[in-house]
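The values are calculated or read from the model by the stated rules, or taken from the named source; none is laboratory data. Since we're looking at a predicted model, the values are computed, not measured. Cβ placement follows ideal geometry from the backbone for every residue including glycine, while neighbour counts extend to all protein chains displayed. Surface accessibility is based on the protein's heavy atoms, side chains included, excluding ligands, DNA and RNA. Shrake-Rupley method; radii C 1.70, N 1.55, O 1.52, S 1.80 Å.
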Amino acid sequence: MDLETNGNRKKRLGELLCEKAYLDPSHLEFALAEQKVEHRRLGEILVDLGYVTRAQLNEALALQAGIEKVDLTEVSISGEIVSLVPADLVSRYSILPLRREDGRLAVAMTDPFQPQVLEDLRLVTGCSVRRCYADPKEMEYAIMKFYGSNVARMLDDLVPAEQKTTEMPELGNGDYSPAKLQEMAREPSLVNLVNLIILEAIDARASDIHIEPFEREVKIKYRIDGMLIERSPSSKRLQAAIISRLKIMANMNIAERFVPQDGHIEFAGKHGRVDLRVSTVPTVFGESIELRILDKTASLMELHDLGMNDQCLEGYTRCLHRTNGIVLVTGPTGCGKTTTLYASLNKIYTPSVKMITIEDPVEYQLEGINQMPVNPKRGLTFATGLRHILRHDPDIVMVGEIRDRETAEIAIRAALTGHLVFSTLHTNDAAGAVTRLIDMGVEPFLLASSLEAVVAQRLIRKICPKCKEPYEPDENLIKSLNGSMKIEPTTTFYHGRGCNECGHTGMSGRTGMYELLRITGTLRELIAARPTTEQIIKAAPTDHISMVHDGLAKVLEGETTPEEIFRVAQSIGEEE
């Protein structure tokens, strides 16, 4: 093994880590002192103390040993080389074959110091191995590129090649008996596949998993940052087993295939419990399943981290500290309304205040707050639950959603009798909440007296910080922007080039764009007179900022792209 030298001296591990700024010199001194006492390898001590990561240690050790570091972002590998090393070995050891020269196989590794890997590679390939070091993030993407995802590989293994081309005459679940479905769903390989689908979705930060049957295949999709991403499809032959397994996990009736069903799965993720809401609907080609992922281990967001601009945050915070009234958060499903309400309750919670919520379902548990899940099968609806909540002497009440006149009227009367009430409503913008409640049958004079503020929101994707770069957007987009707010000719726009970190989408994570409609005296008079949405917008305070304008401000700050704002703006009804 060739050693990288500096003159005639081999560089020490601590020196290399400090040179790469992975390690602080003071931490190195402490670790060296510990080494004299413990008589262990310095690298292990540094990792155990949390001073460096395992990946940083492996990189420095590889450099010290003279092992070549390879860039996997642009690497090209022939199909012949890929076929030399089986997928399970690649996945187990996080390795990637690169090329073969004179009977010697060059292999990229994230940890080049595992003797068992070298021995297994020699046995499988019949070649001696030349070790190379690769960054773990690059390795993850490269394995996906050349071997496919873990789910794809398992799907491939479960269906023999000769069966993949065989015609599939039956549709849906075929004519399997419940006993046969139970047997198929309990096969260990099938159980592992379904668990892997869920784990892969959680790792990818997905909010939903969609399993959709079609004539010749079953599509598997994850919703990541609000966008559906399709994974490798499953063979039609696995459809009955996959769907039956999920229905068993969710305590559903596997024999019933022609009626929609709802269920719930408690899944043990890598970092703790994850809840999944499961829903099935019958389709032409079998049952389609949707799983909503509710990660109980995810930390609650703080109000100031949601993406509200300073003016909106200040005005909304004032509303939170009122003693009575109703505050509404509006927007379509999946736009982050519940997250906003949870952040709001978290901000104003004190032990001296009694808070009770009624939700469908309870998505996160809030410390010190009484949370009640609705249960329509037992007669516990939002309206009946809210009536009983008011008998428990609450100061603050949260109603998960106002869906009907009865719930709306009870919530508004609660606000008029000294309670601060929070709730959500499905409307496109803030002004639409007023007209929607009046259309439900709420008396305008009661609404005018009780409503304090309406927040409308959407979620927009953020530019990936790892591959963010300036670019020139389409001229028509610039013209549209100029129609909404003044854009200086010298303005720089940004987008994501695409990298391993963001799955080559250029976008990573989401933030909110918000519109706060504060109910002033002028608006109260107007609401009592049954106004139209347009009249409410015209009567809004002069400093009122629309959602689209808030989004455009985030474009100018380099947080997102013009294309993303206009994609989301279409759902608000704004002209591009």
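Numbers for the structure displayed
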quantity: Residues being more than 16 Å from Leu306 (Cα to Cα), charged (D, E, K, R) and touching a helix residue (DSSP H, G or I) at 6+ places or on another chain (Cβ under 9 Å) - total across the range 548-571; calculated: 2
quantity: Test: residue in the range 18-27 that is among the aliphatic types (A, V, I, L, M), farther than 25 Å from Met109 by Cβ and either modelled with pLDDT of 85 or more or open to solvent by 50 Å² or more (accessible area, probe 1.4 Å) (or both); calculated: no
quantity: Neighbours by Cβ (under 9 Å, 6+ apart or cross-chain): first from the range 382-401, within 11 Å of Val421 (Cα to Cα) and acidic (Asp, Glu); second open to solvent by less than 20 Å² (accessible area, probe 1.4 Å) and outside any loop (DSSP other than H, G, I, E, B); calculated: Asp395/Met355; Asp395/Leu420
quantity: Scan of the range 90-117 for residues that are open to solvent by 30 Å² or more (accessible area, probe 1.4 Å) and over 32 Å from the mean Cα position of the chain (by Cα), ordered by number; calculated: Arg99, Arg100, Glu101, Asp102, Gly103, Arg104, Phe113, Gln114, Pro115, Gln116
quantity: Exclusive hit being polar (S, T, N, Q), surrounded by fewer than 16 Cβ atoms within 10 Å (Cβ to Cβ) and in contact (Cβ under 8 Å) with a residue 60 or more places away in the chain, set Thr338, Thr333; calculated: Thr333
quantity: Residue that is farthest from Val151 (Cα to Cα), among those in the range 185-206 that are open to solvent by 40 Å² or more (accessible area, probe 1.4 Å) and not in a helix (DSSP H, G or I); calculated: Arg186
quantity: Given (1) within 35 Å of the chain's Cα centre (by Cα); (2) part of a loop (DSSP other than H, G, I, E, B), number of the condition Glu44 does not satisfy; calculated: (2)
quantity: Residue that is farthest from Ile224 (Cα to Cα), among those in the range 433-460 that are out of contact with any Leu (no Cβ under 9 Å at 6 or more places or on another chain) and surrounded by 24 or more Cβ atoms within 10 Å (Cβ to Cβ); calculated: Arg458
quantity: Residues of the range 57-89 that turn out to be at pLDDT 85 or above, farther than 17 Å from Lys20 by Cα, open to solvent by less than 20 Å² (accessible area, probe 1.4 Å) and part of a helix (DSSP H, G or I), as a count; calculated: 1
quantity: Which numbered condition Val548 fails, given (1) in a helix (DSSP H, G or I); (2) open to solvent by 40 Å² or more (accessible area, probe 1.4 Å); (3) over 30 Å from Lys137 (Cα atoms); (4) not small (Gly, Ala, Ser); calculated: (2)
quantity: Evaluation of Met372 against (1) closer than 25 Å to Asp404 by Cα; (2) open to solvent by 10 Å² or more (accessible area, probe 1.4 Å); (3) in a helix (DSSP H, G or I) (one fails), failing number; calculated: (3)
quantity: Subset tally (residues that are more than 33 Å from the chain's Cα centre (by Cα) and touching a residue at least 40 places away in the same chain (Cβ under 8 Å)) for the range 70-84; calculated: 1
quantity: Extreme residue, farthest from Ser423 (Cα to Cα), among residues of the range 341-359 that are open to solvent by 10 Å² or more (accessible area, probe 1.4 Å) and of a type in the set (A, V, I, L, M); calculated: Val353
quantity: Residue match in the range 392-413 (condition: part of a loop (DSSP other than H, G, I, E, B) and either of a type in the set (A, V, I, L, M, F, W, C) or in contact with a Ser or Thr (Cβ under 6 Å, 6 or more places away or on another chain) (or both)); calculated: yes
quantity: Subset tally (residues that are in a loop (DSSP other than H, G, I, E, B), loosely packed, with under 12 Cβ neighbours inside 10 Å and at pLDDT 85 or above) for the range 466-499; calculated: 2
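This table checks each residue for (1) among the small types (Gly, Ala, Ser); (2) modelled with pLDDT under 85; (3) under 23 Å from the mean Cα position of the chain (by Cα); (4) within 30 Å of Thr333 (Cα to Cα).
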{"position": "Gln163", "(1), (2), (3), (4)": "no, yes, no, no"}
{"position": "Pro169", "(1), (2), (3), (4)": "no, yes, no, no"}
{"position": "Gly172", "(1), (2), (3), (4)": "yes, yes, no, yes"}
{"position": "Leu190", "(1), (2), (3), (4)": "no, yes, no, no"}
{"position": "Val194", "(1), (2), (3), (4)": "no, no, yes, yes"}
{"position": "Ala204", "(1), (2), (3), (4)": "yes, yes, yes, yes"}
{"position": "His210", "(1), (2), (3), (4)": "no, no, yes, yes"}
{"position": "Lys221", "(1), (2), (3), (4)": "no, no, yes, yes"}
{"position": "Ile224", "(1), (2), (3), (4)": "no, no, yes, yes"}
